[in-house]
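Just so it is clear, none of the values below were taken in a lab; they were calculated from the coordinates. Bear in mind the structure is a predicted one, so any value in this text is a computation, not a measurement. Neighbour counts run over all protein chains shown; Cβ positions are idealised from the backbone, glycine included.
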Amino acid sequence: MDMNEIKEIFFQECEEQLAELESGLLKLNDGDRDPETVNAVFRAVHSIKGGAGAFGLDDLVSFAHVFETTLDCVRSNKLEPTQDVLKVMLKSADVLADLVSASRDGGGVDESRSRSLVKELEALAHGGSPSSSGHDAPKPAAKAAPAPVAKVDLPKPSDDSGFQPVPFSFDGFGEDDEPAIEGSVYEVSFKPRRELYSKGNEAALLLRDLSRLGEMSINCDTDDLPTLDKMDPEASYFSWKISIRTTRSEDDIRAVFEFAEWDCDLEVKLAEEASSNEELPMVPVPFDLSILDDSAGGEDEEKAAERGVSEEAVAAAVSAAETASNVSRTARAAERKESAAAAAAAQNNAAAAAAGAGQTIRVDLDRVDRLINLVGELVINQAMLSQSVVENDATGTSAVNMGLEELQQLTREIQDSVMAIRAQPVKPVFQRMSRIVREVADMVGKSIRLVTEGENTEVDKTVIDKIAEPLTHMIRNAVDHGIESPEKREAAGKDPEGTIKLTAKHRSGRILIELADDGAGINRERVRQKAIDNDIIAADANLSDDEIDNLIFMAGFSTADKISDISGRGVGMDVVKRSIQALGGRISISSRPGYGSTFTMSLPLTLAVLDGMVVTVAGQTLVVPLTAIVETLQPEAAAIHSFGANQRLISIRNSFCPLVDVGRVLNYRATQANPVEGVALLVESEGGGQRALMVDAIQGQRQVVIKSLEANYTHVPGIAAATILGDGRVALILDVDAVVAASRGQSMKPEMSLAATG
């Protein structure tokens, strides 16, 4: 695996961490004060910062560090997560997401915004208010001069190989925090494994974080360090024995190693519990982790004096190192044996935890798509083979026929399983909408809360990718047009804070996504007048409430009084409708003036397979999506009524429904067929109205594999896609909404808007 692949995995994990961060902040914003929620938010930022540091993403590391510091204040109960504080943190989460995106794609971010948020976060961390923005924030106290740095010369290996271990100074342990004067003393044994470094962790950073918990003494064990010619650059040879006096608990100490827990041997115990014969003599030595200087070993006493290091400190440190190197081999063997036992126990615990939890793997989406295409071909070939056997076996009882039936069931199970691989919850898209609501609400000066339900509802990955844009337009429209200003809401007796509810659920083999607001609803008089002014409808047009509501989907239609960054250009809702229809879905509106509006999108669960009714029209084979069919019926002559020059109605249970000749609409025949000789399919169109589609015959119901007609040929009006039947013939999949629109006299071109015009 090369560095680019590792970096790509990091960015994929960043998306998960950002989702966890936003989810946790929203919970806190809703009043959740569970410490685990705060810890989850902190861990998300900490993980992003750690990974970014491994790849040298300095801007991302710098911002994440300030963000992490402020979150640590919340975690330690030094900062109360009020609404104002969380507002700053939610904005910071947005900037953090922008920085991740810029690091991945090479783009830029709004530097003035990020600098402003850094000042606000720093002000919060130092006890200021969110409005301080850095200018009014109290300045942090001047840092004390760093403690004298002791230089430790480690003894040369016994084989006189000439290898001299590099002396390094650890600068400013805990320079941001006062060391604890009182508290318990813990003995910490820490030995990294190879895996710790391969995952981007760094022992020095862990020791630095540990030093912030209190006053610390440390000793590095280098006995396992080989000569240079035998050294594995990816191996781990050092281990550390640490003594720390702190007021914090053992759990807090272990939390420092939380992300390296399974990649190291770690032991934490109170000092009185530690056996005296296992301890290494230790002298408190301040370390500087920011410097790894080869020339440090040659520093003379005069330079040491200039840096404030006394001869006594150097002598004491050297004496400690010499004493440590002379500890008996028996004690070390016992220690390593105990450490090995602890490591084995940790591995067993990790294996048990892994067995209890579901395991996942990352797979490139292109590989899944290829697998789905192959399964689709398998379904087609299975259908062709079955039809060939049936045609040559009149009895249908041969062993081959029975085997094919089992093959058909197995193929369907394989297909369902493969489709489930690509099924993903809509949660990532819903979480993205939270940010849009906040940004647009701030721009228009409104207070709006987004409520989501059914976030774990699963749908095909391709559908999820394509509903983000229409949902974005709808959210912006709801915030800008749907929800009133706080003043108007108070005057109407409403809560000044508006609510937008986003819901996802399964129904009848499809996914329904509802976007509801508690705003003013659609002002139908204003919509109608705007449509007349823009020459969209005639002044004397007689439209129902539903037809007026659907006018907002017309291209170029807008009720905004002036053009702004959010709306007013007449682009948005028409794009929404075209996008939803391109997915094989429908969108409808329900509005009550004064109470709000609800937009309902009905989408297929997948764009790869389709349950359909295979029909014959003028000698051609078509597939009608089963989800659009309400019922089928055989028309009787008494139920057929003429209307106008070319229109016909069919009477169904004391109501009349327009009869649409599919063959005539698609130009398969020049004259209308006799309805009595065919079959009527009662379908429900996108506007909620019903139509009876007349076909010649029904061949049967089956699941078909969808093949894009535009990608392989070109767009055909009235046709949504194509498929291959069991006999090898190509069958066209009917676009029901387009055919119904054509029966109203509208165009079937792809750029059409299907809103009712009366």
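Quick look at the numbers
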quantity: Only Lys, Arg (+1) and Asp, Glu (-1) charged, at Cβ; the range 424-604 dipole about Cα centre in debye; calculated: 460 debye
quantity: Mean separation of Cα contacts under 8 Å, 6 or more apart, over the residue count of the range 3-132: relative contact order %; calculated: 24 percent
quantity: Sequence of 63, 656, 259, 190 once ranked by neighbouring C-beta atoms within 10 Å, starting from the fewest; calculated: 656, 259, 190, 63
quantity: Shape category assigned to the range 424-604 from the gyration tensor of Cα positions, a/c cut at 1.5; calculated: oblate
quantity: Packing-based exposure ordering (other Cβ within 10 Å, fewest first) of 641, 46; calculated: 641, 46
quantity: Rounded, prolate or oblate (a/c below 1.5 giving rounded, otherwise prolate when a/b exceeds b/c) for the range 365-421 by Cα gyration tensor; calculated: prolate
quantity: Cα centroid separation, the range 598-622 to the range 639-691 (Å); calculated: 19 Å
quantity: Relative contact order %, the range 424-604, counting alpha carbon pairs below 8 Å whose residues are six or more apart; calculated: 23 percent
quantity: Qualifying trypsin sites (Lys or Arg not before Pro) in the range 2-72, DSSP loop, other Cβ atoms within 10 Å at most 14; calculated: 33
quantity: Ascending count of other beta-carbon atoms within 10 Å, so fewest first, for 723, 69; calculated: 69, 723
